[in-house]
Amino acid sequence: MSDFNDIMLDLKRKLYKPVYFLHGEEPYFIDEIGNYIEHNVLDETEKGFNQTVLYGRDTDLASIISLAKGFPMMGERQVIIVKEAQTLKELSKSTGDGDEVKEKKSSSDTKNVLAAYLENPQPSSILVFCFKYKKLDARSALSKAIAKKAVLFESKKLYDNKIPDWINGYLKDKKYSINPKAAILLSEYLGNDLSKIANEIGKLCINLPENSEINIDHIQQNIGISKDFNVFELQDALSKKDVLKANRIVQYFAANPKENPLVMTNASLYNYFQKILLYHFVPDKSRGSVASALGMNPFFVEGYERAARNYNTAKLKYIFGYLHECDARSKGVENVSIEDGDLLKEMVFKILH
């Protein structure tokens, strides 16, 4: 299995492989590799003759392999990129759905076209499959053949607690830095959609000079996330049992439900209180050990120490009940007609009292 950074490094060094199969649930990394190949392997004059972009729904595996077996015109190599390759009928039967019957019933002839090509690929061709939102079944014969003979890259979704570190690394590559609180705010607000995060970071980079450290003020000015009224500040208010601040934030959320959907707020608070519960059971309460156990930057440990003093395990048991009740009622359980903002106000009141 190939690594994203290794693949990108080889591409930038012009060390090309004849076949790339990019698959997995996270489209961002697949798009990054595919777009780099599309825009950088051939120059503009070569692309007209030697670059072909296909879409899985409009073609078939036999046609793709036939193109790959051809020779470039007036150039050293040709590039064939298959976008939305998951819609190729022959490949859609080899996904990781655990359905072995489909695997047996799928056409061996069409699969053998790719398997045979992998045994002896055209060295002057670069064939790229962009197979997004799902992955090949690793048990299938086709998947094993690709892993053995081609560059096979699985693009995995990042866990939520890994997003701040990813943001930090992404900005470092672009010669920027970001303070920990700002990275957390971005991840809480934008979720784990890496393409969306990269797009918003692009807005910051356009407006800030290289080597800048991005802070919360920059985020508010360029992305529109309020530095005072966000779920990160709500967590901070709850950790301190600051009733006034918490109520101000909740009132703001209730007045701006589209920017602060209850389902996202509820999920963030659940993760937050889950970490407080974990804190209680960490044997070594040193900052480094807590940060490692909770999967966070040591910068934030002090806040969890404070929160753990205000919320013991007995209280946390009730809080998880409040969160579950709020989530259920927001989805229509109990058939009570109540606005999301009012549900949030009620839940926060219970947490604080």
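Could you say which residue among I225, I276, I214 is touching a strand residue (DSSP E or B) at 6+ places or on another chain (Cβ under 8 Å) and closer than 30 Å to S177 by Cα? If you could, list the steps in order and put the result at the bottom.
On the way: I225 fails: touching a strand residue (DSSP E or B) at 6+ places or on another chain (Cβ under 8 Å); I276 fails: touching a strand residue (DSSP E or B) at 6+ places or on another chain (Cβ under 8 Å).
Only one candidate qualifies: I214.
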Being under 30 Å from I319 (Cβ atoms) and buried (at least 21 other Cβ atoms within 10 Å of the Cβ) narrows I219, I214 down to just I219
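Considering each residue of segment 295-313, count those that are without any contact (Cβ under 8 Å) to a residue 60 or more places away in the chain and surrounded by 13 or more Cβ atoms within 10 Å (Cβ to Cβ), and give that number.
Step one: of segment 295-313, the residues without any contact (Cβ under 8 Å) to a residue 60 or more places away in the chain are 298, 301-302, 305, 308-309, 311-313.
Adding the requirement that they be surrounded by 13 or more Cβ atoms within 10 Å (Cβ to Cβ) leaves 298, 301, 305, 308, 311.
Going through segment 295-313 one residue at a time, the tally reaches 5.
Being more than 18 Å from E188 (Cβ to Cβ), exposed (fewer than 14 other Cβ atoms within 10 Å of the Cβ) and of a type in the set (K, R) is true for just one of K258, K317. Which residue is that? Break it down stepwise before answering.
Numbers: K258 fails: more than 18 Å from E188 (Cβ to Cβ).
So the residue among K258, K317 that is more than 18 Å from E188 (Cβ to Cβ), exposed (fewer than 14 other Cβ atoms within 10 Å of the Cβ) and of a type in the set (K, R) is K317.
Given the structure, is S289 part of a helix (DSSP H, G or I) and within 22 Å of the chain's Cα centre (by Cα)? Quick ask: steps written out before the conclusion?
Details: part of a helix (DSSP H, G or I): yes; within 22 Å of the chain's Cα centre (by Cα): no.
In short, no.
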Does N192 satisfy the criteria of being outside the structural domain of P27 (by TED's automatic domain parsing), in contact (Cβ under 8 Å) with a residue 12 or more places away in the chain, part of a loop (DSSP other than H, G, I, E, B) and more than 27 Å from K132 (Cβ to Cβ)?
no
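Can you tell me how many residues in segment 26-60 are among the charged types (D, E, K, R) and within 24 Å of the chain's Cα centre (by Cα)? Spell out the reasoning first.
So in segment 26-60, the residues among the charged types (D, E, K, R) come out as 26, 31-32, 38, 43-44, 46-47, 57-58, 60.
Now drop any that are not within 24 Å of the chain's Cα centre (by Cα), which leaves 26, 31-32, 38.
Residues flagged as among the charged types (D, E, K, R) and within 24 Å of the chain's Cα centre (by Cα) within segment 26-60 amount to 4.
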Expected single match for in a helix (DSSP H, G or I), touching a residue at least 40 places away in the same chain (Cβ under 8 Å) and crowded, with 21+ Cβ neighbours inside 10 Å among L127, L186, L142, L204 is L142
All conditions in (1) part of a helix (DSSP H, G or I); (2) among the aliphatic types (A, V, I, L, M); (3) closer than 20 Å to P257 by Cβ are true of I338 except (1)
In the set G288, G332, the lone residue that is loosely packed, with under 13 Cβ neighbours inside 10 Å, on the phi > 0 side of the Ramachandran plot and among the small types (G, A, S) is G332
The residue from L269, L278, L316, L343 that alone is in contact (Cβ under 8 Å) with a residue 12 or more places away in the chain, outside any loop (DSSP other than H, G, I, E, B), touching a Phe, Trp or Tyr at 6+ places or on another chain (Cβ under 8 Å) and not assigned by TED's automatic domain parsing to the domain that holds K181 is L316
Practice task
Report yes if some residue within segment 234-255 is over 23 Å from Y28 (Cβ atoms), of a type in the set (D, E) and either in contact with a Gly (Cβ under 6 Å, 6 or more places away or on another chain) or outside the structural domain of D31 (by TED's automatic domain parsing) (or both); otherwise report no.
Solution key: yes
Restricted to segment 27-86 and to residues being assigned to a loop (DSSP other than H, G, I, E, B), among the hydrophobic types (A, V, I, L, M, F, W, C) and loosely packed, with under 14 Cβ neighbours inside 10 Å, the residue modelled with the lowest pLDDT is M74
Residue count, segment 1-30, condition over 23 Å from L118 (Cβ atoms) and touching a helix residue (DSSP H, G or I) at 6+ places or on another chain (Cβ under 7 Å), comes to 3
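The values are calculated or read from the model by the stated rules, or taken from the named source; none is laboratory data. Predicted model, so just to flag it, every value in this text is computed and none were measured. Cβ sites come from the backbone with ideal geometry, for glycine too, and all protein chains shown count toward neighbours.
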